[in-house]
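Here is the structure we will look at.
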Amino acid sequence: MATLLERTGHREEALNEYRTALRYAPHKPLLHYELGKLYEVAGELELAEEEFRAALKLAPRNSEFHHSLGGLFLQRGDPRVAEAELRRAIQLDPRSGESHRDLGRVLRSQGKFVEAIAELRKATRLMPDVESSHFMLGQALHNAGRVEEGQAEVRLAQQLRQKLKDSTLAKLYNNQGNYLLESGQNEAAAERFRQAMKLDPHDPLAHYNYGLALLLQKRLDEAILQFRKVLRMKPDEPDAHYYLGHALLAKGQEAEAIAHLKEAATSKPNDAYAHNAFGIALAQAGDLLGAVRELETARRLEPNNPLFVKSLNCVKDRQHGCVALLQSTDLDVASHLNQQGLELLDQGRLAEAAYDLRKAVQTDPQNAAALNNLGVALRKQGEFEKAAVVLQQALRLRPNDARIHVNLALALQGMHHTSDAITEMKNACEIQPKDSRIRRDLGVLLMETGKWHEAKTELEVALKLDPNSAETHRALGAAYLKVNNVDAAEAELRRALQLDPLSGESHRALGIVLRRQTRLAEAIAEFRRATELLLDDTASHLMLGQALQKAGRREEGEVQLHLAQRLSQRDQNIALAKTYSTLGTELLQGGQMEQAAAKLEEAARLNPEDPLAQYNYAVVLMLQDNLDEAISRFRTTLRLKPDDANAYYSLGRALLAKGSSADAVASLEAAARLMPDDARTHNVLAVALASLEDHSRAEKELQDAHRLEPSNLLFEENLHCLEKGLQGCLLIP
């Protein structure tokens, strides 16, 4: 959490997070180190030194800590201590290019040019694409009188800097374009892809993405040009053949379209859409026999998809204009996927729902219903910013749809943009002024901003529209309490409890009202009922304890206050666990296995109900070959988050490594259902199936993996090995 705060510009909050963490875990060297880095960035070099030395006292053989301390002394103009720390860092980790580079910098500052050149050459060998190493080497060579060599290194540094800048920017534009394309903003996406392509004209992905965005805008000639460029750079790219065939067929260039669609269907034998498009193209050219063959293949691959039934019937009945189905089916596909996604959403299977709904939006960017449902799925997964972007796109298509305004308001509330959320909820109220739930939600939002009187007015309107809503009575009771109308607050809360006697929140709120009226015995009864219904609610136990003590029942009160304190400690542990989980995840991504394991183990201990910490700790354990414990942690992750596709995948890998092939197959099949387009899952599933001698299914999975990533040599080699009957070769997961 602290690292995330620092990256997003909330440095003071990040400092406070680390200071809080250190109060609970002062023996953790990485916390001292990360706090020191923050102090260094803030220019507090003395405090940074203090934290770095504290980290080194706890972990004296950590090369990174020595390196950072050396860099700190270099900033402070003390090359002697800097040199000693950097030499110690290199002694502990001779492969650290950064340490060699910074030692070279220190030596150069002392006029030791020969030694500096030697260190900087090591840095360039270890980090050949890092501009700063070449630049510093160029400077040192120049200082040593080797001007031409120095100029060559400086030129190389300048080239690397420009290359890095272009590559980074191109990647950014590609990512932005994909994000915009997902949310149906095709024109904006096309512009991002065009910019990425301009920066890196030899990247086939940028041309492909640009072509797809153009095709979705019906700019056929431009799209055809881009797909041709992709195929010149990457001739075996099946998706480029598929979309080029689509565009050519729409232009009436049937012969060439057939050639490309045939290539797509051949390269992706399990892709029903490729066979469908190829079949329609053959029908358009008069090859009805071939068309029926391809369309029946499409229907066999996806028997429940109504689009392929429609295509097959059109061709069999020899209707004219079946090619129009390639355009009209986009709408049908989107409608079908939206319906599937909505069903999954209702079942709480959020990851699968989001997958289908994204596909629906990609297929038909004008499908406002799919955009709205995708926004709901993303919001329920906690991805509030992405949800807001998608829902804003839905509103552009349907500005008078109250449901979309409500969902956008809830997403904005999740982002803590309460004033914007209120605006959207008010828009929804204007469209549907007699919807009691919208009025109630608006009242609750107004309460969050302290607008008690305005909130009270909205909640009173909501109650007139639906007098039997317990939630509205409870919210109105809270609003009356805020404006000091205690009698009205009591009446509303008692009515809420008549309608919903099991609402712990209403009992707690009524207890607050009664305590305000010094009716302690009644307040205690309500608080006690709240603690029975909300077992882990810190506030209920705290208020009960305070009321008991005020009533002179000190021992009973102390019991509740101690329980509230334990629950508060649990809440603090959860917050601390988030910090450790974030640190551990970053260490894992950086390859610092032991430190990551320590952080994630601590996160899992502090908050055993956090699936992310359990999963990441399990990954570290698996990488350390601690398979039994890793398997246990992956299973814990799935207990906490049953639709976690990556957990199923990793559990399958661990079980396979343990020799439990049948269990591995079951887990990997679950992963494949959740991630049908993930090539690595199909590959590992194939290996597991082959170990059970189910070679036919293994071959199908490997074909799927190869179809999804045709340029991946591992999948190709595994498929070849299986075709040879595993003679003289092994399948690699």
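The values are calculated or read from the model by the stated rules, or taken from the named source; none is laboratory data. These numbers were taken from a predicted model, which means no experiment stands behind them. In this analysis, Cβ positions are derived from the backbone assuming ideal geometry, glycine residues included, and neighbour counts consider all displayed protein chains.
The rows are residues; the columns are (1) under 24 Å from the mean Cα position of the chain (by Cα); (2) closer than 27 Å to Leu497 by Cβ.
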residue: Glu352; (1), (2): yes, no
residue: Asp364; (1), (2): yes, no
residue: Leu371; (1), (2): yes, no
residue: Phe384; (1), (2): yes, no
residue: Pro399; (1), (2): no, no
residue: Leu410; (1), (2): yes, yes
residue: Thr418; (1), (2): yes, no
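The single condition from (1) farther than 30 Å from Gly286 by Cβ; (2) over 28 Å from the mean Cα position of the chain (by Cα) that Ile258 fails is (1). Could you check, for the stretch 651-663, whether at least one of its residues is part of a helix (DSSP H, G or I) and within 24 Å of Gln347 (Cβ to Cβ)? There is at least one residue in the stretch 651-663 that is part of a helix (DSSP H, G or I) and within 24 Å of Gln347 (Cβ to Cβ).
For the stretch 356-387, a residue qualifies if it is in a loop (DSSP other than H, G, I, E, B) and either of a type in the set (Lys, Arg) or closer than 18 Å to Gly177 by Cβ (or both), and exactly one does: Pro365. Taken over the stretch 388-417, residues that are more than 23 Å from His336 (Cβ to Cβ), without any contact (Cβ under 8 Å) to a residue 60 or more places away in the chain and assigned to a helix (DSSP H, G or I) amount to 14.
When residues in the stretch 288-325 are screened for being at pLDDT below 75, under 33 Å from the mean Cα position of the chain (by Cα) and assigned to a helix (DSSP H, G or I), 2 of them pass. The single residue among Leu476, Leu465, Leu542 that is of a type outside the set (Ser, Thr, Tyr) and buried (at least 21 other Cβ atoms within 10 Å of the Cβ) turns out to be Leu476. Screening Val81, Val130 for residues that are over 40 Å from the mean Cα position of the chain (by Cα) and of a type in the set (A, V, I, L, M, F, W, C) leaves exactly one candidate, Val81.
Does Arg108 fit the bill of being assigned by the TED database to the domain that holds Gln75, in contact (Cβ under 8 Å) with a residue 24 or more places away in the chain and in a loop (DSSP other than H, G, I, E, B)?
Working: assigned by the TED database to the domain that holds Gln75: yes; in contact (Cβ under 8 Å) with a residue 24 or more places away in the chain: yes; in a loop (DSSP other than H, G, I, E, B): no.
No; evaluated as a whole, the condition is false for this residue.
Here is a yes/no grid of residues against (1) small (Gly, Ala, Ser); (2) surrounded by fewer than 19 Cβ atoms within 10 Å (Cβ to Cβ); (3) modelled with pLDDT of 80 or more:
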residue: Leu15; (1), (2), (3): no, no, no
residue: Thr20; (1), (2), (3): no, yes, no
residue: Pro26; (1), (2), (3): no, yes, no
residue: Pro29; (1), (2), (3): no, no, yes
residue: His32; (1), (2), (3): no, no, yes
residue: His67; (1), (2), (3): no, no, yes
residue: Gly70; (1), (2), (3): yes, no, yes
residue: Arg76; (1), (2), (3): no, yes, yes
residue: Arg80; (1), (2), (3): no, yes, yes
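Entry remark, the stretch 449-475: residues being outside any helix (DSSP H, G or I), more than 17 Å from Ile422 (Cβ to Cβ) and β-branched (Val, Ile, Thr) number 0 in total.
Residues that are more than 22 Å from Val130 (Cβ to Cβ), modelled with pLDDT of 85 or more and touching a Pro at 6+ places or on another chain (Cβ under 6 Å) number at least 2 in the following helices (runs of 4 or more DSSP H) confined to the stretch 149-245: 220-233.
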